[in-house]
Amino acid sequence: MPAIRLPDGSQRNFDQAVTVADVAASIGAGLARAALAGKVDGRMVDTSFLIEQDADLAIVTDKDAEGLDVIRHSTAHLLAQAVKSLFPDAQVTIGPVIADGFFYDFSYKRPFTPEDLLAIEKKMAELTKADLKITRKVLPRSEAIRFFKDMGEHYKAQIIESIPSDEDLSLYTQGEFTDLCRGPHAPSTGKLKVFKLMKVAGAYWRGDSKNEMLQRIYGTAWAKKEDQEAHLYRLEEAEKRDHRKIGKVQDLFHMQDEAPGMVFWHPKGWAMWQVVEQYMRRVYGDNGYQEIRCPQIIDRVLWEKSGHWEHFKAGMFTTESEKHEYAIKPMNCPGHIQVFSSDLRSYRELPLRYGEFGSCHRNEPSGGLHGLMRVRGFVQDDGHIFCTEAQIESEVTAFNALVLKVYRDFGFHDVAVKLALRPVSRVGSDEIWDKSEESLRAALKASAIVWEELPGEGAFYGPKIEFHIKDAIGRSWQCGTIQVDFSMPGRLGAEFVDEDNTRKVPVMLHRAILGSLERFIGILVENHAGALPLWLAPVQMAILNISESQAEYARSVAEKLKQKGFRALTDLRNEKITYKIREHSMQRLPYLLVVGDKEVASGMVAVRTRTGEDLGSMTLDALMARFDKELADKGGAA
């Protein structure tokens with residue numbers, strides 16, 4: 001006679017064991033139809049799961065995040081069923097849920113074509129309309145291996161052989177298709193109505209380049225059609241905003257095979273870089289940071305002491321000289337500790353804040369490189385605060401306010417804050433981790449910030465607060481972070497003389513606001529679709545003459561603007577003015593200043609915005625006053 005406790009605090013008693021579906025039906029027909037799965041005592045299960053004793057139960061529907069995962073996982077199996085129906089010789093491998101969708105890897109004798117994807121999607125729709133019941137059964141390990149081998153599904157057999165022998169092996173069947181899966185799954189294929197196949201890509205079996213290249217079919221699935229349409233719109237917008245395309249059109253940067261994951265900055269791109277860097281340099285100065293510079297290459301011994309060699313060796317580039325092994329620094333923190341330890345510090349000096357635009361290199365897999373967003377060589381707006389334990393909360397609270405102000409200046413007002421907690425692989429005692437995590441919670445409370453906790457996602461040396469900015473099309477980017485580290489300073493021998501004249505180890509706060517400058521610039525370009533605000537635009541205005549007779553005046557206008565610190569160019573080509581306007585509009589410059597005989601005679605310029613708005617003629621003084629106001633409103637300077 002199980003008693004089922006529901007999320008609203010109510011309880012339902014039953015005379016015999018009941019399934020999740022039975023409980024949903026007892027609550028109401030609407031919930032019974034909507035139920036996709038259940039959460040029994042915190043564990044996700046199918047609606048067919050039998051509850052035999054008292055339990056806490058939540059009915060999972062498509063309104064829940066877990067429900068969307070169930071839909072996507074089930075749709076991956078729907079994809080596999082459709083592929084097997086159309087291409088019986090194809091072998092199925094794995095099909096997990098990913099962000100915004102799913103994929104499934106297949107082994108097949110020829111590449112899938114766009115026409116194949118259309119046929120597969122059509123078959124999936126037919127299977128959905130058939131509303132096939134999805135059932136689960138458990139098989140012994142040896143029987144499951146034999147079952148898939150008999151079907152010719154050798155990859156599935158290999159997967160089972162790699163699963164620990166003490167684990168149950170569950171199989172899900174829908175129609176004539178059976179697949180290995182932990183589940184849970186939707187109760188029937190009729191629940192899977194909103195999906196779209198996106199593309200085919202290559203993927204090595206088990207991610208090993210020595211293995212066979214499989215075909216990975218990507219798809220997206222949603223609870224509602226309007227949600228999918230919104231997602232597809234975001235993808236279309238993201239394609240238009242791709243910083244790699246805009247970077248080429250606007251001549252900002254390029255990358256090439258001879259330096260994978262490294263950026264060749266062009267003059268315009270480097271001008272934008274300098275605006276961002278100089279802005280952050282002012283942030284350093286205004287908030288008590290001392291800027292430092294540390295070596296690029298440091299002996300392996302230091303990385304071993306810091307713990308990075310053990311936890312991060314695979315991501316390091318190494319080199320050797322005179323029988324010594326060195327690492328090209330993947331991060332700046334050990335170097336900053338060396339600066340701190342170069343002199344005996346007093347408690348009166350704390351908190352001591354160091355900042356560095358540190359150039360780092362990480363050996364990222366070539367397949368993961370993506371324009372400015374994922375590189376091997378990058379610069380961080382990195383900083384480290386050495387403080388006492390009592391100063392942690394005030395320092396983190398001040399940083400929280402600072403990072404949010406900086407994001408506002410860059411135009412990001414929607415920021416999600418997350419607290420990443422201790423990972424399995426870590427250094428330091430549980431007591432230290434308890435103190436570290438509680439200090440960050442206290443600072444978040446003091447900042448009146450709402451946050452989400454992420455168990456297991458902290459750095460190996462300490463927990464961290466993450467700041468995720470949302471861009472113009474709703475994508476989230478994790479940029480800023482502040483991390484509490486009780487371990488690394490002690491490992492590297494950092495000390496200060498405390499008020500009682502004893503030597504103590506400082507706490508180290510690792511912090512960054514933008515993160516990688518390369519990545520942040522890529523985010524800015526995509527957020528603004530290349531139409532950067534005046535203070536960030538590499539070229540803020542172009543002065544265009546109508547004919548040769550105004551060339552000297554155009555030069556004088558440009559010179560006066562440059563003397564005031566504005567980034568202006570002149571276009572004196574012998575081209576029609578309409579051609580020049582169109583060309584520079586495509587470059588998305590904030591302003592176009594046109595000069596003809598009328599403007600020369602009056603000492604003015606005709607002003608157009610990049611949106612095509614005609615602001616009429618202005619004196620240079622009036623124009624620069626407008627620019628100054630716009631720059632101040634955007635939180636930057638020319």
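Here are the numbers for the structure shown:
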read-out	value
Some residue of region 418-433 being surrounded by fewer than 16 Cβ atoms within 10 Å (Cβ to Cβ) and at pLDDT 95 or above	no
Failed condition for I543, given (1) among the β-branched types (V, I, T); (2) surrounded by fewer than 19 Cβ atoms within 10 Å (Cβ to Cβ); (3) part of a strand (DSSP E or B)	(2)
Test: residue in region 177-198 that is exposed (fewer than 13 other Cβ atoms within 10 Å of the Cβ) and either free of Cβ contacts under 8 Å to residues at least 60 places away in the same chain or closer than 23 Å to D150 by Cβ (or both)	no
Only listed residue being touching a strand residue (DSSP E or B) at 6+ places or on another chain (Cβ under 8 Å), surrounded by 17 or more Cβ atoms within 10 Å (Cβ to Cβ) and of a type in the set (K, R), chosen from R281, R293, R353	R353
When residues of region 502-529 are limited to those that are within 14 Å of the chain's Cα centre (by Cα) and assigned to a strand (DSSP E or B), the one farthest from E395 (Cα to Cα)	S516
H413 surrounded by fewer than 16 Cβ atoms within 10 Å (Cβ to Cβ), within 25 Å of K445 (Cα to Cα) and out of contact with any Gly (no Cβ under 7 Å at 6 or more places or on another chain)	yes
Of all residues in region 98-147 being within 17 Å of G219 (Cα to Cα) and of a type in the set (S, T, Y), the one that is farthest from the chain's Cα centre (by Cα)	T128
Single residue of V276, V301 found to be without any contact (Cβ under 8 Å) to a residue 60 or more places away in the chain, within 26 Å of E364 (Cβ to Cβ) and part of a helix (DSSP H, G or I)	V301
Number of the exception - Q563 against (1) over 30 Å from K240 (Cα atoms); (2) crowded, with 17+ Cβ neighbours inside 10 Å; (3) not acidic (D, E)	(2)
Odd one out for A537, checked against (1) closer than 28 Å to L252 by Cβ; (2) touching a Phe, Trp or Tyr at 6+ places or on another chain (Cβ under 6 Å); (3) not β-branched (V, I, T)	(2)
Test: residue in region 3-13 that is surrounded by 23 or more Cβ atoms within 10 Å (Cβ to Cβ), among the hydrophobic types (A, V, I, L, M, F, W, C) and within 25 Å of A223 (Cα to Cα)	no
So Y354, is it under 27 Å from A531 (Cβ atoms), modelled with pLDDT of 95 or more and not aliphatic (A, V, I, L, M)	no
Single residue of S341, S321 found to be crowded, with 16+ Cβ neighbours inside 10 Å and over 30 Å from R567 (Cα atoms)	S341
Strands (runs of 3 or more DSSP E) contained entirely in region 1-111, each with at least 3 residues that are under 30 Å from A230 (Cα atoms)	37-40, 55-60, 101-107
Residues being more than 19 Å from L532 (Cα to Cα) and part of a helix (DSSP H, G or I) - total across region 586-622	9
Residue check for E499: in contact (Cβ under 8 Å) with a residue 40 or more places away in the chain, closer than 30 Å to Q338 by Cα and assigned to a loop (DSSP other than H, G, I, E, B)	yes
Subset of region 330-368 [assigned to a loop (DSSP other than H, G, I, E, B) and either touching a Lys or Arg at 6+ places or on another chain (Cβ under 8 Å) or closer than 18 Å to L514 by Cβ (or both)]	P330, M331, N332, R362, N363, E364
K149 in contact with a helix residue (DSSP H, G or I) (Cβ under 8 Å, 6 or more places away or on another chain) and exposed (fewer than 13 other Cβ atoms within 10 Å of the Cβ)	no
Options V70, V83: the member that is over 29 Å from the mean Cα position of the chain (by Cα), crowded, with 20+ Cβ neighbours inside 10 Å and under 19 Å from Q174 (Cα atoms)	V83
Output for region 479-496, where each listed residue is in contact with a Leu (Cβ under 9 Å, 6 or more places away or on another chain) and either within 15 Å of E395 (Cα to Cα) or crowded, with 19+ Cβ neighbours inside 10 Å (or both)	C479, G480, I482, Q483, V484, D485, L492, F496
Candidates A119, A130, A157, A144 - the one that is on the phi < 0 side of the Ramachandran plot, small (G, A, S), surrounded by 11 or more Cβ atoms within 10 Å (Cβ to Cβ) and without any contact (Cβ under 8 Å) to a residue 24 or more places away in the chain	A157
Failed condition for S476, given (1) over 27 Å from M262 (Cβ atoms); (2) surrounded by fewer than 19 Cβ atoms within 10 Å (Cβ to Cβ)	(1)
Condition broken by E395, with the remaining ones in (1) more than 30 Å from E349 (Cβ to Cβ); (2) modelled with pLDDT of 95 or more; (3) of a type outside the set (A, V, I, L, M) satisfied	(1)
Pair list, Cβ < 8 Å and 6+ apart or interchain, from region 614-628 residues that are farther than 17 Å from Q563 by Cβ to residues that are part of a helix (DSSP H, G or I) and not charged (D, E, K, R)	S617/S602
Qualifying residue in region 573-592 (condition: at positive phi and within 33 Å of the chain's Cα centre (by Cα))	yes
Which numbered condition E457 misses (of (1) at pLDDT below 95; (2) surrounded by fewer than 19 Cβ atoms within 10 Å (Cβ to Cβ); (3) out of contact with any Pro (no Cβ under 8 Å at 6 or more places or on another chain); (4) charged (D, E, K, R))	(3)
Residues (touching a Leu at 6+ places or on another chain (Cβ under 9 Å), in a strand (DSSP E or B) and closer than 16 Å to D485 by Cβ) located in region 418-461	L419, A420
Residues (surrounded by fewer than 21 Cβ atoms within 10 Å (Cβ to Cβ) and either aliphatic (A, V, I, L, M) or within 26 Å of H370 (Cα to Cα) (or both)) located in region 546-557	I546, A551
Residue match in region 213-223 (condition: closer than 24 Å to F112 by Cα, among the polar types (S, T, N, Q) and buried (at least 18 other Cβ atoms within 10 Å of the Cβ))	yes
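The rows are residues; the columns are (1) aliphatic (A, V, I, L, M); (2) farther than 30 Å from H243 by Cβ.
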site: H384; (1), (2): no, no
site: Q391; (1), (2): no, yes
site: V403; (1), (2): yes, no
site: D409; (1), (2): no, no
site: V427; (1), (2): yes, yes
site: D434; (1), (2): no, yes
site: A446; (1), (2): yes, yes
site: G458; (1), (2): no, no
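The values are calculated or read from the model by the stated rules, or taken from the named source; none is laboratory data. Note that the coordinates shown come from a computational prediction; the quantities given were computed from them, not determined experimentally. Ideal geometry is used to build each Cβ from the backbone, glycine not excepted, and the neighbour counts take in all protein chains shown.
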